[in-house]
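**Student:** Pasting in a structure now, in structure tokens, and then I'll have a few things to ask.
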Amino acid sequence: MLFTAIMSKKRIYSYSGLILIVLSIWLFSKPSSEQTEFSEKVKISLRNVGNQLLLTNKDTTSLILPVKEIASSKYELSFESKLAFEPNTLVSIVEESFEKSQLPKVYRVEVIQCADEEVAYSYEVSQQEEKTIIPCAGRLLPTNCYTIQVRFIARKSSFGKVSNYLYLFVLILFIVMELLFLKKKPAEKPTASSQTYESIGSFHFYPTQNKLVKQTTEINLSKKECELLQIFVANPNQIVTRDELTKKVWEDNGVIVGRSLDTYISKLRKKLKDDESIKLTNVHGVGYKLEIDM
């Protein structure tokens, strides 16, 4: 019975997880009919913009290349032939065409040179007139190869539709079901060794973790620094000879050092300097002493 119950739970986890993945992919990747319709209206409107611009150039034969959706709510209009136009003509044609197609009135237009992809002209239209920016409207753009890119700004998503809310509700329901079946694992109790520390003034010294902690600041120690500090902590306010230190930290490991001890003592001093009640002093010709106010 226990085995059957465990297998049933595993099946539930597998099936619900699979349904969650499929539902998420379908919900967030399936283009809505509203988005498709919007894209088609934009492409028709931009083709009309392209036709009007060619007519201002008295060009009735050149092709308007397919309008592309190059990013979300961003479209590109391009031409077979070169053309020239005044920016105010472009502004008027785009505005009139978008109004007929009932497209959003907040958008940004960029005219880009084909050769170097530099922006030859750009402007931005907002529902608030004071935020509309149309610079240099009277300056002629000379005959050249151009593409025109239009981005609709802050377009409302179709996610507010009732059907999408229903899909979201189903998704949340599956997540809740999953959480109800899952049992929380008991938190692992920290081992005694990981919590064992020695107090050195305002520092907590964790030998097993090679670190010093002062309030919320952690100071990492190298293995040799940690071994040296352990010896000093075991002998507070006592002189520890150089021979004893080198023997325990280096020679016992088959390594004999020269100036390495002085280098590591210097590193320890720097890491303990934030507490003035601690001093790692040099006893000339003998060794070192960790002085701590008890």
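FYI, it's all coordinate maths here, none of it is from the lab. Nothing here was measured: the structure is a model prediction, and the numbers come from that model. Here the Cβ is made from the backbone with ideal geometry for all residues, glycine too, and neighbour counts use every protein chain on show.
**Student:** Return the long-range amide H neighbours of LEU141 (sequence gap of 5 or more, or a different chain), with a cut-off of under 5 Å between placed amide H atoms.
**Tutor:** Correct list: PHE85, GLU86.
**Student:** Could you give the Stokes-Einstein D for the range 192-292 in µm² per second, using the C-alpha Kirkwood radius, 4 °C, 1.567 mPa s?
**Tutor:** Answer from the Stokes-Einstein relation: 93 µm²/s.
**Student:** While we're here: What's the ranking of 201-214, 266-279 by average number of surrounding C-beta atoms within 10 Å, highest first?
**Tutor:** 201-214, 266-279
**Student:** Would you kindly work out the equivalent ellipsoid of the range 48-98 from its C-alpha gyration tensor and give its semi-axes, the square roots of five times the eigenvalues, largest first in whole Å?
**Tutor:** The equivalent ellipsoid of the range 48-98 has semi-axes of 19, 15, 9 Å.
**Student:** Right, another one. Taking amide H positions as placed in the peptide plane 1.01 Å from N, state which residues far from TYR121 in sequence (5 or more) or on other chains have amide H under 5 Å from it.
**Tutor:** When sequence neighbours closer than 5 places are left aside, the close amide H contacts are VAL111.
**Student:** Here are some pairs, LYS68/LYS131; LYS214/LYS279; LYS41/LYS82; LYS58/LYS82; LYS247/LYS271; which of them have Cα atoms lying more than 20 Å apart in this structure?
**Tutor:** Checking Cα-Cα distances, LYS68/LYS131; LYS41/LYS82; LYS247/LYS271 exceed 20 Å.
**Student:** Continuing with this model, one more query. If amide hydrogens are placed 1.01 Å from N in the peptide plane, which non-local residues have theirs closer than 5 Å to the one on GLY287?
**Tutor:** Residues meeting the amide H criterion: ARG242.
**Student:** In whole Hz, what ³J(HN,Hα) sequence does the range 93-106 give by Karplus (6.51, -1.76, 1.60; θ = phi - 60°), x for Gly and Pro?
**Tutor:** 5, 5, 4, 5, 5, 5, 5, 5, 7, 6, 8, x, 9, 10
**Student:** Per residue of the range 280-285, in order, report the coupling 6.51 cos²θ - 1.76 cosθ + 1.60 (Karplus, θ = phi - 60°) as ³J(HN,Hα) in whole Hz, putting x for Gly and Pro.
**Tutor:** 9, 9, 9, 9, 3, x
**Student:** Got a sec to turn the phi values of the range 231-245 into Karplus ³J(HN,Hα) couplings, 6.51 cos²θ - 1.76 cosθ + 1.60 with θ = phi - 60°, whole Hz, x for Gly and Pro?
**Tutor:** Rounded to whole hertz, the list is 5, 5, 5, 6, 10, x, 6, 10, 6, 10, 5, 4, 4, 5, 5.
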